[in-house]
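Everything below concerns the one structure shown next.
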Amino acid sequence: MKQKSAGGGLASGSIWSIVDNLAQQVISFVIFAVLARFLAPDAFGLLTVAHLFILFTRLVVFDAIAMPVIRASGAGLPDDRFYSWVFTCCTLAGLLLAALMFFSAGLVSSLYRAPELKAVLQGMSLSVLFFGLMRAYEARLVRNMMFRQLAIRSIGSVLTGGVVGITLAASGRGAMSLVVQQVAASGLALVLVVAQSRWLPRIVFDRALNVKYWNDIRQVGLTGILQFANTNGDSLLVSIFLGPYATGLYNLGKRVTSAVYLVIASSMQKVALPVFSDAGADMAALGRGYLKIFGITLFCVAPLLCFQAVLAEPLVAAVFGAKWLPAAPVVSVLALLYLLSSIVHLNDYLFFAIGKNRLPVLFGITQLTLATVLAVSCYRFGLFGMSLSFCGAYLLVFPLSQIRLNRELGLNARQVWYALAPPLVGSTFLVLGLAAYLLLVPPGISNVTLVAGGVLIACLLYPFMVVVIGWHIRSVNASWHGLLLSAMRLGRAR
């Protein structure tokens, strides 16, 4: 397989990577919304428990084994023998992990006091095997910058699996319709990636390669454990303390709010990488680039999450149905969490860019520890209490991350305010406007109409306030305190 030129391949790869991410999120969310109409929260909670095991194996085992392929350098590396070695390792790991998941299903279901979980875990064990079989193929496509093929594979498999799952859910198959959906999607993904690669691996055992890359595998695996804990530890804690039903509700709240982050914030992080790279060691340029990305990210993310937080109840009822209304308070809390998360992850990117690699890890461990301690203390208050504990951990760690980053870049409060005032003030007025709208709207209005009215208010109010505050920032030659007072006077006048 001929490797593409670096420049064209990188540009094309970035575009296809964004398309892949956006399409997957949109399609997955639509499928999830349709399935939620047919299935109860506990069905999604059972799948979430099984999915946590699969995510752990992918991040900690399969990605760790495949990473040497992406990083390998030198004459002739990686070659087909190298890829075959990765395939052999991932396949063996997949067989062992799938068997472990299948045969431990009864014990796990007993621990969760959910007998129906056993069949879900056993069915989902097939997906573990499929992911192990396809990981070497994915690494080979990534190394050759064939992101278009990966995007086609992802979109086709997610869409097909969704159609299968919806068909089964509509016929009353319950949680097993979700299992078949996931297995069908991962199985089709394997078939497509094999067909696109046009490469058949061999079974290769090589002790020298095992020794050479063991440190890399171990390091990536440890990083994967931390990543899994930070991104999925909340769902794991909810499942352990509150069971499948609460996990299903929490999963819905997380899907609704994280969709904004995954589509917008993660795309902005891809844009941030070349901006940070171009700045190099010039801290002034790096600070300016950071504030631009920060401001644009907040401009896009903040109004959507504020809208979700204020209109959570009618939004959940209109999109997913009345049986999901207990998830509405979770949506409101997690909206704030993902607003902070989008900023924290951008900060982590910049810490890596300036060589402060240990800081994101330390902040991540601190946040995870706080979240666990708070969750253990608050689980008796139910799902809302646990959601607040996760958000509280971010609220405690975020100022530390932001203060340290401002210090590293030499940014002062006035510079940060100039960059963030329009989206922050605009979002504040948006929250107040939507809250007033909910208080003034007459009773008896349908949820769909209520949400549509909220969308209209948001589309008019938020851009107007952003433009007004932006104009004041450009026109007022005053100190930071004067600018803040100006914004407050404007708010009182409105």
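The values are calculated or read from the model by the stated rules, or taken from the named source; none is laboratory data. Every value quoted in this text rests on a predicted model; they were computed, and no experiment measured them. Glycine also receives a Cβ, built like all others from the backbone with ideal geometry; neighbour counts cover every protein chain displayed. Surface accessibility is based on the protein's heavy atoms, side chains included, excluding ligands, DNA and RNA. Shrake-Rupley method; radii C 1.70, N 1.55, O 1.52, S 1.80 Å.
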* Structure fact -> Cα-only Rg/Rh for region 136-209 with Kirkwood Rh rounds to 1.14
* Asked: Heavy-atom accessible area of residue 67 with all protein chains present, probe 1.4 Å, nearest 10 Å²?
  -> 50 Å²
* Asked: Any idea which of 132, 108, 144 is furthest toward the positive side of the dipole for region 92-149, if Lys and Arg beta-carbons carry +1 and Asp and Glu beta-carbons -1?
  -> 144
* Structure fact -> Ignoring ligands and nucleic acids, residue 471 exposes an accessible area, probe 1.4 Å, in Å² to the nearest 10, of 150 Å²
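One quarter of the convex hull surface, Cα atoms only: what value does that give for region 371-481 in nm²? Please list the in-between numbers first.
Numbers: hull surface 42.6 nm².
So the Cα hull casts an average projection of 10.6 nm².
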* Around residue 203, what is the net charge, scoring Lys/Arg as +1 and Asp/Glu as -1 over all other residues with Cβ under 14 Å from its Cβ? -> 0
* **Cα-centre dipole for the chain with unit charges at Cβ (Lys and Arg positive, Asp and Glu negative), debye to 20** => 480 debye
* To do: Can you find, among 230, 437, 217, the residue farthest towards the positive end of the dipole of the chain? Put +1 on the C-beta of Lys and Arg, -1 on that of Asp and Glu.
  => 217
* Residue-level accessible surface for residue 214, protein heavy atoms, 1.4 Å, Å² -> 140 Å²
* Could you give P(r) for region 328-427, binned at 5 Å from zero, as whole percent values over all Cα-Cα pairs? -> 2, 12, 19, 21, 18, 13, 9, 4, 1
* Asked: With each label point set 7 Å from Cα along the Cα-Cβ vector, what nm distance links residue 191 and residue 209?
  -> 2.8 nm
* Quick one: with all protein chains in place, what share of the accessible area of region 162-241 is carbon or sulfur, to the nearest percent (1.4 Å probe)? -> 64 percent
* To do: For the chain, calculate the relative contact order in percent as a whole number, restricting contacts to Cα pairs under 8 Å that are 6 or more residues apart.
  => 17 percent
* Structure fact -> Per the helix-only model, the chain has a calculated mean residue ellipticity at 222 nm (DSSP H runs of ≥4, -39500 (n - 2.57) each, divided over all residues, rounded to the nearest 500) of -29500 deg cm²/dmol
* Structure fact -> proj_area_mean for region 281-337 (convex hull on C-alpha atoms), units nm², value 4.7 nm²
* Can you bin region 124-264 into rounded, prolate or oblate? Criterion: square roots of the alpha carbon gyration tensor eigenvalues sorted a ≥ b ≥ c, rounded for a/c under 1.5, prolate for a/b above b/c, oblate for the rest. => oblate
* Asked: Arranged from highest to lowest average of other beta-carbon atoms within 10 Å per residue, in what order do the peptides 151-157, 29-35 appear?
  -> 151-157, 29-35
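Under a 1.4 angstrom probe, counting protein chains only, how are 305, 192 ranked by accessible area, largest first? Working shown, then result.
Values: 305 5, 192 50 Å².
Highest to lowest solvent-accessible surface, that is 192, 305.
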* Mean Kyte hydropathy of -1.0 or more with a Cα span along the axis of at least 27 Å, helices from DSSP in the chain -> 6-38, 80-103, 117-143, 147-170, 175-197, 207-260, 283-310, 328-353, 358-378, 382-409, 413-440, 447-475
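Given +1 on the Cβ of Lys and Arg, -1 on the Cβ of Asp and Glu, and no further charges, what dipole in debye does region 116-237 carry about its Cα centre, rounded to the nearest 20?
480 debye
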* Asked: Beyond 40 Å, what share of the Cα-Cα pairs of the chain remains, rounded to the nearest whole percent?
  -> 25 percent
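Report, in debye and to the nearest 20, how large the dipole of region 333-472 comes out about its Cα centre when Lys and Arg carry +1 and Asp and Glu carry -1 on their Cβ. Walk me through the numbers before you get to the answer.
Values: 6 positive and 2 negative charges, 62 e Å.
Dipole magnitude for region 333-472 comes out near 300 debye.
Give the Kirkwood hydrodynamic radius (Å, one decimal) of region 16-164, defined as one over the mean of 1/r across all pairs of different Cα atoms. Don't skip to the answer; put the middle values down first.
On the way: mean 1/r = 0.0589 Å⁻¹.
Final number for the Kirkwood radius of region 16-164 is 17.0 Å.
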* Asked: With the other protein chains left in place, how much accessible area per residue, in square angstrom, belongs to the chain at a 1.4 angstrom probe?
  -> 46 Å²
* Unit charges at the beta carbon, dipole of the chain: most positive-side option, 259, 463, 413 -> 413
* Asked: Modelled label-to-label distance, residue 219 and residue 373, 7 Å Cα→beta-carbon offset: nm?
  -> 3.1 nm
* Over 12 Å, how big is the tail of the calculated P(r) for region 151-190, in percent of all Cα pairs? => 49 percent
